[in-house]
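What follows is one structure encoded as C-alpha cells, with my remarks underneath.
The values are calculated or read from the model by the stated rules, or taken from the named source; none is laboratory data. For clarity, every value in this text was computed on a predicted model and none was experimentally measured. Cβ placement follows ideal geometry from the backbone for every residue including glycine, while neighbour counts extend to all protein chains displayed.
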Amino acid sequence: MTKSLLIQNGRIIDPGQNLDMPGHLLITGGKIAWVGGEKESPPQNNYDVLEAQGLVVCPGFIDLHCHLRQPGFEDKETIASGTLAAARGGFTTVGCMPNTEPPLDNKKTIEYVKATATREGAVRVLPIGCVSKSRKGKELADMGQLAAAGVIGFSDDGDPVSTSPLMRRALEYSLKFNLPIIDHCEDKALSKGGQMNEGKISAELGLKGIPNIAEENIVARDLSLAETTGGWLHIAHVSTEGSVELIRRAKEKGIRVTAEATPHHLTLAEEMVRGYNTSAKVNPPLRTERDVRALIKGLNDNTIDIIATDHAPHTEAEKLREFKLAPFGISGLETAFGSLMGLVQRGDISLVTLINKLTAAPAMILGKKYGLGTLATGSAADVTIFDPTLEWVVDTRKFASKDKNTPLAGEKLKGKVMATIYGGKVVYKNGGQRDRH
C-alpha cells in the first residue's frame, strides 16, 4: 500500500470549484482524500510530506492536442518520451493525435496506443481517432468502433476534413457519440506552398505566405455545417483574429463549437521567423501581433475554451534543412507553462484564468466520466505544483522530448513546474528526479 502524501502550505487553486486559498492537500490511494485550510490538520497522521511553501498547487494540466508520433515515427517521439516531456511540463493527461503510421483509424491501433501508454507512459494518454479511413479524406472511418474503443474525439489533424459532405456526415455522427469533430482548418488551395504568415515579413524573406483566409474559409464552412447538423465542432489551434470573431458569433448563435489556442500562437508572432528560423515554422503559422491580441481577448471572454500545445516533434536533422524543406512543428510540452506565465506577468490574463484553461475547461470537454481537472475529494490525484516566480532558461539539451526544436531555446522564462503527480505518484520533480521510470 502506497503511503499517503500530504502537500502542505501551498496556495491551492482549483477553478472548477472556485477554490483559491492557502492550505494543504492529502492524497491517499491515488485519490484526493482531503483539502484543508492552512490552520486545519489532516484527518490522519501517517503520511509523507511534500512542502509547497511559496508554490501553487492545482489540478494536473490537460493537453487535448499533442503528437506522440507512435506508432510509425518513433525517431521523432515515442509515447514514453512524449509523456515524460508532458510530466515535466505539468501535464497529467494528454490527447494524442491520430496522424501516425498506421493512422489511428481502427480499434486495433487505438488499443495499441492505450496498451503502450499503460506500459510505458508517465501520464494518462487519451487517443483521438481519425475522421476518415487512413486520413485520406475519402470515406468516414468506423466512428462507432473508435468510440467503443475509447477515443475522445475524431480528427484528421495535419489536414482538414477534406470535403463539406464528409464533414457534414462526421458532425452528424458526433451527435450519436457525443464526441467532438476536431478540425485543422486550412483551405489547402489557398495555403499550398506556403511557409509562414502571408504579409510584409514573408515578402521580405521571399517566402510564400499562408493567408489568414486559408484558415477562416474552413472555420466558416465548419461552423455552417455545425449549425446545420447540431453536431459538436472543435476548432484546433486557432490563429487569426478573423477566426476568433467567427467563433464568437457562432457561440452567440448557440452553435455547438469549442476551440483551442496554442501557447506559441498566444505568445509569439511572425517576427520569430526572421533569419529563416525553422524552429518557428509551424502550421498554422505564427501570425501578427494583432492576431495574438485577438487570441488573448478570446481566451478572456471564453470564445477560446482551452489552451492546447499542439506539441509536434520532428528530428533535429529535419529541422536543420533549408526553411522551405523543413517540416512544420515545434516541441511545446516542456515550455508551455513557462511561456504562458508571461501573459499573467504582463496582466493579459489572470493566473486563475490560465489554470482554468489548462485544467477545468479541458476537463469539461472530456466530460464527467473522466473526473479530471479538479482537486475535489475522491477525484484522481492528478496534481501540478509550480513556482510562479522562479526564473529559468530554456535548455533544450535537458528536454525529455526527442524533439529539441523550439523558438524559445535560450530564452529566460518566469514560472516553472516543480512537481507533477499522476494518480497519486510523483512522476516528476524539478531537478530531474522522478519516481515512475
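Here are the numbers:
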{"read-out": "Residues (surrounded by fewer than 22 Cβ atoms within 10 Å (Cβ to Cβ) and in contact (Cβ under 8 Å) with a residue 40 or more places away in the chain) located in the stretch 220-231", "value": "221, 228, 229, 230"}
{"read-out": "Residues being over 15 Å from the mean Cα position of the chain (by Cα) and either without any contact (Cβ under 8 Å) to a residue 60 or more places away in the chain or crowded, with 16+ Cβ neighbours inside 10 Å (or both) - total across the stretch 358-369", "value": "2"}
{"read-out": "Test: residue in the stretch 41-64 that is in a strand (DSSP E or B), of a type outside the set (Val, Ile, Thr), under 17 Å from residue 110 (Cα atoms) and touching a strand residue (DSSP E or B) at 6+ places or on another chain (Cβ under 6 Å)", "value": "yes"}
{"read-out": "Residue check, residue 73 hydrophobic (A, V, I, L, M, F, W, C) and buried (at least 24 other Cβ atoms within 10 Å of the Cβ)", "value": "no"}
{"read-out": "Residue in the stretch 370-389 that is surrounded by fewer than 17 Cβ atoms within 10 Å (Cβ to Cβ), of a type in the set (A, V, I, L, M, F, W, C) and assigned to a loop (DSSP other than H, G, I, E, B) present", "value": "yes"}
{"read-out": "Residue list for the stretch 90-122, filter: over 14 Å from the mean Cα position of the chain (by Cα), crowded, with 23+ Cβ neighbours inside 10 Å and among the small types (Gly, Ala, Ser)", "value": "117, 121, 122"}
{"read-out": "Which listed residue, of 131, 125, is more than 16 Å from the chain's Cα centre (by Cα) and either closer than 26 Å to residue 356 by Cα or among the β-branched types (Val, Ile, Thr) (or both)", "value": "131"}
{"read-out": "Candidates 330, 349, 304, filtered to the one that is under 28 Å from residue 246 (Cβ atoms), in contact with a Pro (Cβ under 8 Å, 6 or more places away or on another chain), assigned to a loop (DSSP other than H, G, I, E, B) and among the hydrophobic types (A, V, I, L, M, F, W, C)", "value": "330"}
{"read-out": "One residue from 212, 277, 217 being more than 23 Å from residue 66 (Cβ to Cβ) and touching a residue at least 40 places away in the same chain (Cβ under 8 Å)", "value": "212"}
{"read-out": "Pairs where the first residue, in the stretch 40-56, is assigned by TED's automatic domain parsing to the domain that holds residue 418 and under 15 Å from residue 27 (Cβ atoms) and the second is modelled with pLDDT under 95 and in a loop (DSSP other than H, G, I, E, B), C-beta under 6 Å, 6+ apart", "value": "48/3"}
{"read-out": "Positions within the stretch 158-170 being farther than 13 Å from residue 218 by Cβ, in contact (Cβ under 8 Å) with a residue 24 or more places away in the chain and surrounded by fewer than 24 Cβ atoms within 10 Å (Cβ to Cβ), in sequence order", "value": "158, 168, 169"}
